[in-house]
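Step one of this worksheet: look at the structure below.
The values are calculated or read from the model by the stated rules, or taken from the named source; none is laboratory data. The model shown is predicted, which means the values in this text are computed figures rather than measured ones. Ideal geometry is used to build each Cβ from the backbone, glycine not excepted, and the neighbour counts take in all protein chains shown. Only protein heavy atoms, including side chains, enter the accessible area calculation; ligands, DNA and RNA are left aside. Shrake-Rupley method; radii C 1.70, N 1.55, O 1.52, S 1.80 Å.
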Amino acid sequence: MSEPKSLQEAIIYFSNPDNCIAYLSARRWPNGVICPLCGSDSVSAFNPKRRTWKCAKHHAKREFSVKVGTIFEDSPIGLDKWLAATWMLTNCKNGISSYEVGRALRVTQKSAWFMLHRIRLALQDESFGKLGGEVEVDETFIGGKARNMHLSKRAQRITGTGGKDKTPVVGIFERGGKVRTSVIPNRRKKALHAKVREHVTVGSILFTDALPSYNDLEKDYAHQIIDHAVAYVNGNVHTNSLENYWSLLKRGLKGTYVSVEPFHLFRYLDEQSFRYNYRKNMNDGERFDLVVNQIVGKRLTWDKLTGKLPEIETCPN
Ligand SMILES: [Zn+2]
């Protein structure tokens with residue numbers, strides 16, 4: 001059976017565990033299987049009964065499955081469900097909630113929630129190059145919909161301070177190219193300049209609104225300002241691509257996820273920008289292939305996910 005091109009084909013194809021292993025190992029080890037622990041290529045032939053390989057070097061955990069060293073490691077959930085969930089999150093235009101995945105794959109909502117967060121790791125943008133040419137920069141606030149919260153939480157959050165639980169997000173958009181978004185501590189100069197310098201090549205043309213935090217970027221960039229108090233567009237000076245992206249992003253977050261804790265927001269940002277950046281010139285199977293190529297070397301434990309470690313601070317975005 002050839003590799004899947006639609007969700008229906010994917011579910012059938014990956015219901016066979018050998019297909020899952022073949023699909024994953026071909027991408028992970030295009031030049032032959034390598035021990036994920038020591039990197040040795042002295043590895044036994046595949047054991048079809050145990051569905052594992054064994055490293056010839058002497059060390060702990062010599063026997064390994066295709067899951068070891070990927071976002072699927074240590075999960076009791078089968079690859080059939082993992083790959084179906086990955087397909088859905090990669091290709092459903094507005095994302096998919098843990099409730100939907102739970103129902104579709106017959107896992108608990110809590111398991112599905114954890115799965116989706118692990119899969120979002122594979123959706124993180126791995127191109128580290130900077131954006132350039134004509135680049136729009138803009139910020140927005142996300143969240144703070146108190147009416148969707150549990151009563152006790154709501155009381156806690158509503159007290160007095162209006163926008164306090166809204167999370168500031170900055171977007172950087174290369175016209176004709178990719179969008180990148182990240183959570184920022186505030187909209188002050190230091191935070192915004194740091195993001196611009198991190199993501200935009202010096203000498204590029206920069207379009208922003210009149211927020212004073214963007215002042216002084218003209219030393220390194222051809223900085224053009226559109227003052228929204230006067231007009232929204234002046235020739236090619238505007239931030240409309242990002243304005244459009246924000247409304248798309250917010251629609252997706254509201255429609256599918258209802259409310260997102262600020263702590264987890266960057267994961268949803270990664271998810272939405274991945275789908276946006278790869279929406280064109282690629283079919284569902286190719287997009288899925290790209291994600292599967294990014295599952296290696298990433299782990300997300302429950303403790304980390306639920307905030308026992310300050311992971312948001314170590315996140316590159
Ligand atoms: Zn080894």
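Going by what's in this entry, would Val66 be described as within 23 Å of the chain's Cα centre (by Cα) and open to solvent by less than 50 Å² (accessible area, probe 1.4 Å)?
yes
What's the total number of residues in the range 38-51 that are within 15 Å of the ligand (Cβ to nearest atom) and within 14 Å of Ala22 (Cβ to Cβ)?
Residues meeting the conditions: 0.
Among (1) of a type in the set (Ser, Thr, Tyr); (2) within 16 Å of the ligand (Cβ to nearest atom); (3) surrounded by fewer than 15 Cβ atoms within 10 Å (Cβ to Cβ), there is one condition Ser2 misses while meeting the rest; what is its number?
The failed condition is (2).
Restricting the first residue to the range 111-130 and requiring it to be open to solvent by less than 10 Å² (accessible area, probe 1.4 Å), which pairs with a second residue that is part of a loop (DSSP other than H, G, I, E, B) meet a Cβ separation below 6 Å and a spacing of at least six or different chains?
As it stands, the answer is Ala122/Ile71; Ala122/Gln294; Ala122/Ile295, since those pairs meet every condition given.
Condition check ((1) at pLDDT 95 or above; (2) of a type outside the set (D, E, K, R); (3) within 16 Å of the ligand (Cβ to nearest atom)) across all residues:
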position	(1), (2), (3)
Asn16	yes, yes, no
Asn19	yes, yes, no
Pro30	no, yes, no
Val33	yes, yes, yes
Trp53	yes, yes, yes
Val68	no, yes, yes
Ile71	no, yes, no
Gly78	yes, yes, no
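Of the conditions (1) touching a helix residue (DSSP H, G or I) at 6+ places or on another chain (Cβ under 6 Å); (2) over 18 Å from Val169 (Cβ atoms), Ile225 clears all except one; give me its number.
Ile225 satisfies all of (1) touching a helix residue (DSSP H, G or I) at 6+ places or on another chain (Cβ under 6 Å); (2) over 18 Å from Val169 (Cβ atoms) except (1).
Kindly indicate whether Gly102 is open to solvent by less than 60 Å² (accessible area, probe 1.4 Å), without any contact (Cβ under 8 Å) to a residue 12 or more places away in the chain, over 16 Å from Leu290 (Cα atoms) and away from the ligand (no atom under 16 Å from the Cβ). Before you say what the answer is, go through the steps one by one.
Working: open to solvent by less than 60 Å² (accessible area, probe 1.4 Å): yes; without any contact (Cβ under 8 Å) to a residue 12 or more places away in the chain: yes; over 16 Å from Leu290 (Cα atoms): yes; away from the ligand (no atom under 16 Å from the Cβ): yes.
It is true that Gly102 is open to solvent by less than 60 Å² (accessible area, probe 1.4 Å), without any contact (Cβ under 8 Å) to a residue 12 or more places away in the chain, over 16 Å from Leu290 (Cα atoms) and away from the ligand (no atom under 16 Å from the Cβ).
Across the range 216-239, what is the total count of residues that are among the small types (Gly, Ala, Ser) and not in a loop (DSSP other than H, G, I, E, B)? If you could, list the steps in order and put the result at the bottom.
Step one: filter the range 216-239 for residues among the small types (Gly, Ala, Ser), giving 222, 229, 231, 235.
Next, only the ones that are not in a loop (DSSP other than H, G, I, E, B) stay: 222.
Of the residues in the range 216-239, 1 are among the small types (Gly, Ala, Ser) and not in a loop (DSSP other than H, G, I, E, B).
If the Cβ limit is 8 Å and pairs must be 6+ apart or interchain, which residue in the range 30-41 that is open to solvent by 40 Å² or more (accessible area, probe 1.4 Å) pairs with which residue that is within 8 Å of the ligand (Cβ to nearest atom) and assigned to a loop (DSSP other than H, G, I, E, B)?
So the pair list comes out as Ile34/Ser40; Leu37/His59; Leu37/Arg62; Cys38/Lys57; Cys38/His59; Asp41/Cys35.
Residue check: is Asn277 out of contact with any His (no Cβ under 6 Å at 6 or more places or on another chain) and closer than 24 Å to Ser25 by Cβ?
Here the answer is no, as Asn277 does not meet what is asked.
Given the conditions (1) at pLDDT 95 or above; (2) closer than 30 Å to Val200 by Cα; (3) surrounded by 20 or more Cβ atoms within 10 Å (Cβ to Cβ), which single one is not true for Gly133?
Every listed condition holds for Gly133 apart from (3).
Name the residue, out of Leu248, Leu192, that is open to solvent by less than 50 Å² (accessible area, probe 1.4 Å), in a helix (DSSP H, G or I) and not small (Gly, Ala, Ser). Don't jump to the end; show me each part of the working.
On the way: Leu248 fails: open to solvent by less than 50 Å² (accessible area, probe 1.4 Å).
Leu192 is the lone residue from the list that is open to solvent by less than 50 Å² (accessible area, probe 1.4 Å), in a helix (DSSP H, G or I) and not small (Gly, Ala, Ser).
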